[in-house]
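These notes concern the structure reproduced below.
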Amino acid sequence: MTTDTEDYVPFDPHTPDFILPQPLSATELMGLTLPPRELLLDPILPSRGLAMLYGPRGLGKTHVALGIAWAAASGERFLKWHAEVPRRVLYVDGEMPATDMQERLRLIGPIPTMPPPPGLSFLLADMLGPGMPDLGTLEGQGVLERTWGETPPELLVIDNLSSLVSSARDNDADGWSIMQNWLLRLRRKGVCVLIVHHAGKGGQQRGTSRREDVLDVVIALRRPSDYEPKDGARFEVHLEKARGLYGPVTDPFEARLQPDALGTPVWNWEPLRDAEFARAIALFKDGISPGDAAEELGVSRATAYRLKKKAIREGHIEK
């Protein structure tokens, strides 16, 4: 991959010969026949959408990002989301060893019986001598765009922000402008972008909140209150921002990578309320009081008492 940037001319509306078209009247705008936004991954990733997936280190962000990329490229399902038709997907990774990426791919599904989707491609910094260019610069953005020429991917996965955008500091809102302008330009070109990012010490996405301003969807991964290291890839999935989405599709859920009856790792998910109730039942069976259960589950005491009443009512525990 070349890093020559001499032929890259960035979009610049401040040049003297740049002329905006005449504004549209409301009547003209409402009379236009505009193509609807399709869904690359129903319901969370619309075409030309901008999304962020973030969570603590080691929780499973790359697992989820790869699952999303695989599903979108194959027209299949991942967790509670599904794709109708295969899409062109480019996955750009800035730090993972190539051998680890291979292993993560093998955990997505039954690879021996399901060949990788032809539309899924990778750019791995680990396999490039100079590494990946800084995508927070116009030059770095141009280098990446030239890899796809006239046919951009329909979904671009950037994993992760810290390793691929080094020019903008976490809390530098102004420094994010170049990256944000690029994301909007990619949207205009028909590209959907999923950014993978780390959570900060407070649990929110690390750095300036301005990063979320233009995003359609923000997906947060959180560690369950009763998580243990032996659980492996297990986490809660929360949609913190879901532009245009309402109702049950936005409900949080718990996901887990577990072996099936044949020992093949498979992804399972269940509504968070069901997972929370199952953990509460186990605590109550061990004689834990509702007050202590509330602290263990990270819920209010009133919620813990309601869970205990429900467990008694359904016969899971004795009164």
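Just a few scattered comments:
- Segment 194-214, subset modelled with pLDDT of 90 or more and surrounded by 21 or more Cβ atoms within 10 Å (Cβ to Cβ), residue farthest from residue 50 (Cα to Cα): 197
- Here residue 88 clears all of (1) of a type outside the set (Gly, Ala, Ser); (2) in contact with a helix residue (DSSP H, G or I) (Cβ under 8 Å, 6 or more places away or on another chain); (3) surrounded by fewer than 23 Cβ atoms within 10 Å (Cβ to Cβ); (4) within 18 Å of residue 196 (Cα to Cα) except the condition numbered (4).
- Pairs, first in the same structural domain as residue 181 (by TED's automatic domain parsing) in segment 9-31, second modelled with pLDDT of 90 or more and not hydrophobic (A, V, I, L, M, F, W, C), C-beta under 8 Å, six or more apart: none
- Every condition in (1) loosely packed, with under 15 Cβ neighbours inside 10 Å; (2) at pLDDT 85 or above is met by residue 308 except one, and the failing one is (1).
- Scan of segment 242-268 for residues that are buried (at least 16 other Cβ atoms within 10 Å of the Cβ), free of Cβ contacts under 8 Å to residues at least 60 places away in the same chain and not basic (Lys, Arg), ordered by number: 252, 254
- Taken as a whole, the structure places residue 99 among residues that are more than 30 Å from residue 249 (Cβ to Cβ) and polar (S, T, N, Q).
- Residues within segment 289-305 that are at pLDDT below 80 and in a helix (DSSP H, G or I), tallied: 2
- Consider segment 218-233 and keep the residues that are without any contact (Cβ under 8 Å) to a residue 60 or more places away in the chain and within 21 Å of residue 80 (Cα to Cα). The one that is surrounded by the most Cβ atoms within 10 Å (Cβ to Cβ) is 224.
- Scanning segment 16-74 for residues that are hydroxyl-bearing (Ser, Thr, Tyr) and assigned to a loop (DSSP other than H, G, I, E, B) yields a count of 3.
- A single entry from 239, 194, 215 fulfils the requirement of being in contact (Cβ under 8 Å) with a residue 60 or more places away in the chain and assigned to a loop (DSSP other than H, G, I, E, B): 215.
- Subset of segment 243-288 that is under 21 Å from the mean Cα position of the chain (by Cα) and assigned to a loop (DSSP other than H, G, I, E, B) - its residue that is nearest to residue 227 (Cα to Cα): 252
The values are calculated or read from the model by the stated rules, or taken from the named source; none is laboratory data. The shown structure was predicted, so the numbers you read here are calculated from the model rather than taken from an experiment. Every residue, glycine among them, receives a Cβ derived from its backbone with ideal geometry; neighbour counts consider all protein chains shown.
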